[in-house]
Each structure stands twice: as structure tokens, then as C-alpha cells.
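The values are calculated or read from the model by the stated rules, or taken from the named source; none is laboratory data. Here the structure is a predicted model, which is why all the values come from computation and not from measurement. Here the Cβ positions follow ideal geometry from the backbone for every residue, glycine too, while neighbour counts run over all protein chains shown.
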Amino acid sequence: MNTSERYNRQIILPEIGEVGQYKLLKAKVLVIGAGGLASSILPYLAAAGVGEIGIVDDDVIEISNLHRQVIYKSSAVGKYKVDESKLMISELNPLIKVNAISEKLSGKNAISLFKKYDIIVDATDNIFIKYLINDACLVTDKPMVYGSIFRFQGQVSVFNYQNGPTYRCLFPDENTQSLNCEDAGVIGISVGIIGMLQANEVIKMILGIGEVMNGKILVYNILNNEQQKYDFEKSTNFVMDKEVFEEKYKEVENQVEEISASAILNEIDNHEVLFLDVRNNDEVPKINFKNGIQIPLMNLENEFKKLNPNQTIYVYCQSGIRSKIAVELLQKKEFKNVKSIAGGALAMKQLLKEKVSN
Amino acid sequence: MIEIKYFGAVAEKTKCEFEKIVSSEISLQELLQDLEEKYHFNSLSFSVAVNQKIVPKATDFTLKTSDIVALLPPFAGG
């Protein structure tokens, strides 16, 4: 294979050269999430010749992904994203190694996975996982390339690079929530641009060129093309080591019991059960349970006393992520029987049409 | 004049991406409190930047004319 011909146009850049190309070949990059952001991160890293790329995702391709996850074909609906993205990369650049990891990232696998790579790229769509990635990067001392979208705006930053600040320094409040693409809506171009900017940070770090977005967050608005950069500093208000990490992420996984949206159908009129909505007041669809209450996750720490710790409580949010955090919090407050409704309001919406309003 | 910029879900609450307020001798915390009363951010969480630099949430100091304050919530989509 003629490697230097393939990469010739970037090798002739004085900032890259044969030496830079060799650095790319030796680099190992782990991309968490194989959705919209990854759809631009993966092809550009692969085409540039990043030697080893790991992809972590346990989702299958849905038809509603295709408008923004442009690396997938219509014929691949129903197949695993990691398998399809591996196939795409092997056709694009057979010289590089791709590891398709069809698992959900968790406290159990994060540390051992991260240890095998040099750079970790956050291409996920939920805040809980972003804290998990951040914390596992701290434990394994790896830089994290962050990218995220809210409708037509995106954010990019690099955390924990050369002992720099982390996601927790920028956003210390981990009980926060923001709508993901499924809930908020998104256009392919915004995730494409932000993913491209993430790939650019990865390449700069590998080559040691330019200025890495270390301690800076870029906010990009594609509707008016305004870009703002904000500086932030390292905060020392928290400790994250292996012990803290294991303690923190073990609990969430081992103890949170889930109940499926279909299983709650039998319990709807059971007055012994309370349905707790931990979304914000303005989130839709609203589900009108007779025995329902709303306490946004952010307020739960202060308002949990409104609830009876001996009652059976089914907690839900939009998609089933915040509700798990809420269950964990309530369990710490000695609540005996709390479960998270898997898939949240979006899953219930399908089953409970008569109780749903917008 | 102090300029305030809003991003993401915060801008959806305020229904504008920036505004200017005519005010002298207002502190950052007073400004944040005024905005909270005006827009009821409630459970929305955001970081605060003054002149392109994120400041710790509890910091307080008197804002100067021409300062630019930005409210930056985390985004989640991908």
C-alpha cells in the first residue's frame, strides 16, 4: 500500500510532514457514542490516518437517526452503529485499526477501556455520561474532547489536558439537565460542524500544533455564525480518584431498579403508588397521572420531604436518565421502594395516549 | 450599559440572545438575582462568564459599565 501517496496532501503541510503522519499512525483515539457527532469525527480521523480508533455504543440505527448520522445508509436501519461505522471506516481507510465496542459505557468498563487509548472523545448525548467520561478521564489521566449541541448551538472544549481544568470545573452542578437531540430537535449540520471541531482538537493534540481548547469553551451558533470563546480555570473543589470513582458509579448501576413503561399500565390507578415526574415544569409531553407529582431533579434534594419514604414511587423523566439519578438520590434518603421508569415519558407516551397532553 | 448574553435553554427562557441594561453600581449577584426574578430560571443551571471568563458562582463584585455577562448552560445533544 502506498501510504505516503494516500496522505501526501497533508504530509506536504510543514506542520505535519512524515513525522506528523507517523504520530497520527501511532495515535489511539476512543470515541464514545456513534451518533451525530461521531458521524463527522470518525470519517475525518480515519481518513487522516489515526492509527487506532475505538468506538463505544450499544445502539442500533433508527430511521430517525439518518438525517444527521450521515455515515449510515438507509439499508443499515436496525443494525448496530458500531458495526456499521467500522464497515464505513474500513472502506474509507483500510490501513487503520478499528475496535467496535458494542457496550454501553459504564462505571464498570470505562477505566479499563480508557487505559488502552491516548485521547477520549465525548460524542454522547447525555449529561450523566459526560460526567462519567470526565471522571474516568481524571482517573486514567486522559484528555477528553467535549462536544455538545443544543438545537442550533454547539459547545466544544478539551478537558484534563496537560493537567488543565475539567468538565466539573466548567459545570460543577452535576444534577443539571439539558435536552438532548431526541427531545430538543437537531439538524445534521450543527452536529456535523461541532464533531468536525472535535476531530480538529484531536488532530492538533496528536500533532502538537496550534492551540488546543484547553481551559476554553467555544460556543458556536450556526444561525448567525457567531462564535464566542470563554476561559475557565481549574477548580479544586472535588476529588476524583479510583476509589471515589468506583464508589460513585457502582451505586447507580447496582441499586437503581427500573420498571418498564408497559409494566406500569397495571399500576396507573393503584392509589398506593405515586408517579414522580423529575422533569422541569416546561417539558412535554405532560402525563396526567391521578396520583402524580412533579419535583424537578434540581429541586429534589431540597424538596424530598414532600414525599413519603415508605410509599412505592415510580420516577420518570423524559427518557429515563434523570429518573435514575433521582432514584439514587431518594435511596440515599432512605426511601424504600423507588423505581425508575425505563424510557421515561417518551416511552409512556406511546402506551398512555389518553393521559398525555402537550 | 451592561450587556448580557444568553445561550441554549437560557436564551429560550429569556426569548432573546442578548440585552443591555442601564445600570450603575450593580453587583454581579444583584444582577443574577434580578434576572432570576424576571425570567424564573428555576431549575435551569448555567455557568456565568464576565468578559469572556467563567467566574465561580458565588463570586461577587461590582460590574463596570461595558462589562459583558454571559449565562452558559451545559448542552446535552450529540
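From the list A:Leu179, A:Leu138, A:Leu170, the one residue that fits, being within 12 Å of chain B (Cβ to nearest Cβ), under 20 Å from A:Asn237 (Cβ atoms) and not small (Gly, Ala, Ser), is A:Leu170.
Could you please let me know if A:Asp125 is under 22 Å from A:Glu328 (Cα atoms), buried (at least 20 other Cβ atoms within 10 Å of the Cβ), within 11 Å of chain B (Cβ to nearest Cβ) and acidic (Asp, Glu)? Yes.
Per-residue answers, yes or no, for (1) in the same structural domain as A:Gly185 (by TED's automatic domain parsing); (2) more than 30 Å from A:Ala184 (Cα to Cα); (3) buried (at least 16 other Cβ atoms within 10 Å of the Cβ):
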{"residue": "A:Tyr7", "(1), (2), (3)": "yes, yes, yes"}
{"residue": "A:Ile11", "(1), (2), (3)": "yes, yes, yes"}
{"residue": "A:Lys23", "(1), (2), (3)": "yes, yes, yes"}
{"residue": "A:Ala27", "(1), (2), (3)": "yes, yes, yes"}
{"residue": "A:Leu42", "(1), (2), (3)": "yes, no, yes"}
{"residue": "A:Ile53", "(1), (2), (3)": "yes, no, yes"}
{"residue": "A:Lys73", "(1), (2), (3)": "yes, no, no"}
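Taking (1) in a helix (DSSP H, G or I); (2) more than 8 Å from chain A (Cβ to nearest Cβ); (3) in contact with a strand residue (DSSP E or B) (Cβ under 8 Å, 6 or more places away or on another chain); (4) not acidic (Asp, Glu) in turn, B:Thr65 satisfies each apart from (1).
Looking at segment A:7-30, can you tell me whether even one residue there is at pLDDT 95 or above and within 18 Å of A:Ser148 (Cβ to Cβ)? Yes, there is a match, as at least one residue in segment A:7-30 is at pLDDT 95 or above and within 18 Å of A:Ser148 (Cβ to Cβ). The set of residues in segment A:282-306 that are within 28 Å of B:Tyr39 (Cα to Cα) and more than 14 Å from every other protein chain (Cβ to nearest Cβ) comprises A:Pro285, A:Lys286, A:Ile287, A:Asn288, A:Gly292, A:Ile293, A:Phe304, A:Lys305, A:Lys306. On the given criteria, is A:Lys108 surrounded by fewer than 23 Cβ atoms within 10 Å (Cβ to Cβ) and modelled with pLDDT under 95? Judged against the criteria, A:Lys108 is a match. Of the strands (runs of 3 or more DSSP E) that lie entirely inside segment A:246-350, those containing 2 or more residues that are within 30 Å of A:Val139 (Cβ to Cβ) span A:337-341.
Residue-level check: of (1) in the same structural domain as A:Asp122 (by TED's automatic domain parsing); (2) among the charged types (D, E, K, R); (3) surrounded by 17 or more Cβ atoms within 10 Å (Cβ to Cβ), A:Asp277 misses just (1). Among residues of segment A:302-317 that are on the phi > 0 side of the Ramachandran plot, none has a Cβ under 7 angstrom from a residue that is of a type in the set (Ser, Thr, Tyr) at a sequence gap of 6+ or on a separate chain.
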